[in-house]
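Undergrad: Attaching a single structure in structure tokens format; questions to follow.
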Amino acid sequence: MCLNQNFRIHPIPNSWYRVCFSKDLRPGEVKPLRYFNKDIVLFRTESGEACVFDAHCRHLGAHLGHGGEVKGEGIQCPYHGWIWHKEGYCNHVPYPHTGNNPTVQIGKWPVAELNGTVYAYYHSEGKPPTWEMPEFPEFSAGEWVSAIQMYKRNVACSIQEIAENNSDTAHFSHLHGTRFGKVLSESLELDGLIRTHIASYEVRIPLLSRLLGINEFHTTYQQYGLGCNRNLVSLKANGKTVLEWRLICMHTPIDKENAEALCVTKLKKFINVPFTRFLVELLTKKACEEVDKDAMVWDHKIFLENPPLYKEEHSINQFREWVEQFY
């Protein structure tokens, strides 16, 4: 949809996206969801496999997420009791009928479960994924402490706008200026479907500066498709790493113009678990405050197709060229 030559609304990119945390989906549980401008249903079979289907029964259109029940390795429609096997076919009709079970298939989405997360793969033409989400070691290694709080809110912008944010380093000093100082170094690596942006900034977090002497924020920002980015952060004191922090952001399109923004954080154990817990909650609170500043802009901005950029803003154009492969 083009409103003028310099503005457009993006379609939903083809990518893996978070639909649920693993801990929030018990065996036998059914969840109705609205993502990708579609109604879908998420459920976990009795054996423990997470599945995502199109929400509406292919018999007479009942929503499987409202009243549907897990039966063995499938989900039963609340309307007539048809059971849809996890592979997408109907394997049980509970009343007398002539002929075999129907051959019609319900829409079944590719699902991956790792990093404590259930991911679903969206493709505008229903094609299978050509790449896999990687495992992040901080989700399984015992030396990492998770924050209890997390950032989660809906924003009124496309998923590309959110993903582009980290490429726009010029906004850091103005929008986030109270905590970020000048850029000390910056580089960009493109490896097919993974984009890595490496940068160091002066950082001003008074409490951490007083406690630990921290004065530098070094981040390796890895973008996996359009649905997940992972910040590998080293907080340094005079060049020496003091804290290792992870900020993992998993954003999911609700439709073309709205998305669910979500961030979780982890901190490598430092001194002891209680002190690490204190630090990770402090860092998460500060991170949430900064993401809220971004979200305030996202909620009201438009996407300009050909913005007047300075050469120092070249990473924005590099990002836009890289992201075209997901459409």
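Values quoted throughout were computed directly from the atomic coordinates according to the rules given, and no laboratory measurement underlies them. Just so you know, these numbers come straight off a predicted model, no measurement behind them. All Cβ positions, glycine included, derive from the backbone under ideal geometry; neighbour counts span all protein chains shown.
Undergrad: If you project the alpha carbons of the chain onto their three principal axes, what span does each projection cover, largest first, in Å?
TA: 77, 55, 31
Undergrad: For Ser187 and Asn101, calculate 0.36 nm times their separation in residues minus their Cα-Cα distance, and state this gained length in nm to one decimal.
TA: 25.2 nm
Undergrad: Nearest 20 debye, what's the magnitude of the dipole of the range 1-152 about its Cα centre given +1 on Lys and Arg Cβ and -1 on Asp and Glu Cβ?
TA: Roughly 520 debye for the range 1-152.
Undergrad: Which angle between 0 and 90 degrees, to the nearest 10, do you get for helix 273-298 versus the longest principal axis of the chain when only C-alpha atoms count?
TA: The helix 273-298 is inclined about 80 degrees to the chain.
Undergrad: Could I ask something else about it? Work the Kirkwood hydrodynamic radius out for the range 227-327: mean of 1/r over every pair of different alpha-carbon atoms, inverted, in Å.
TA: This gives a value of 16.4 Å.
Undergrad: A follow-up question, please. With +1 on each Lys and Arg Cβ and -1 on each Asp and Glu Cβ, and nothing else charged, work out how big the dipole of the chain is about its Cα centre, in Debye to the nearest 20.
TA: 780 debye
Undergrad: How high is the FRET efficiency from Glu289 to Lys311, r the C-beta distance, R0 35 Å, rounded to 0.05?
TA: 0.65
Undergrad: Express in nm, to one decimal, how much length is gained between Ser47 and Glu257 on full extension, taking 0.36 nm for each residue of separation and deducting their alpha carbon distance.
TA: 71.9 nm
Undergrad: Where does the range 10-122 land on Rg/Rh, using Cα atoms and the Kirkwood Rh?
TA: We get a ratio of 0.98 for the range 10-122.
Undergrad: At q = 0.14 Å⁻¹, what log₁₀ I(q)/I(0) does the range 91-131 have when each alpha carbon counts as one equal point scatterer in the Debye sum?
TA: The Cα Debye sum returns log10 ratios of -0.56.
Undergrad: Skipping prolines and chain starts, which residues have an amide H placed within reach, meaning under 5 Å, of the one on Leu193, given they are 5 or more residues away or on another chain?
TA: Placed amide hydrogens put nothing under 5 Å from Leu193.
Undergrad: Fewest to most neighbouring Cβ within 10 Å: what's the order for Ser209, Ser47, Ser22?
TA: Ser47, Ser209, Ser22
Undergrad: What does the convex hull of the Cα atoms of the range 139-326 come to per residue, in Å³, rounded to a whole number?
TA: That works out to 123 Å³ per residue.
Undergrad: Ignoring everything except DSSP H segments at least 4 long, calculate the 222 nm mean residue ellipticity for the chain; use -39,500 (n - 2.57) per segment, divide by total residues, nearest 500.
TA: Computed ellipticity for the chain at 222 nm equals -5000 deg cm²/dmol.
Undergrad: Here's another thing I want to ask about it. At a 10 angstrom cut-off on C-beta neighbours, averaged per residue, how do the peptides 303-314, 49-60, 216-227 rank from highest to lowest?
TA: For the peptides 303-314, 49-60, 216-227, the packing ranking is 216-227, 49-60, 303-314.
Undergrad: Further question: In the range 139-326, if the dipole is taken from +1 on Lys/Arg beta carbons and -1 on Asp/Glu beta carbons about the Cα centre, which of Ser234, Tyr310, Ala295 is farthest to the positive end?
TA: After comparing all options, I get Ser234.
Undergrad: Then there's this: Could you list which residues have their amide H under 5 Å from that of Ile254, counting only those 5 or more apart in sequence or on another chain, with H placed in the peptide plane?
TA: For Ile254, whose amide H was placed from the backbone, the distant partners under 5 Å are Phe36, Ala259, Glu260.
Undergrad: Report the net charge of residues surrounding Ala55, where surrounding means a beta-carbon distance below 9 angstrom and charges are Lys +1, Arg +1, Asp -1, Glu -1.
TA: It works out to a net charge of 0.
Undergrad: Now for a separate question. With a bin width of 5 angstrom, please list the P(r) values of the range 194-253 as percents of all Cα-Cα pairs, from the 0 bin to the one holding the largest distance.
TA: Calculated P(r), rounded to whole percents: 4, 19, 25, 20, 13, 11, 6, 2, 0.
Undergrad: Lysines near Lys236 by alpha-carbon distance under 23 Å, same-chain residues fewer than 8 away left out - which ones?
TA: Hits, sequence-local ones excluded: Lys182, Lys266, Lys268, Lys269, Lys285, Lys286.
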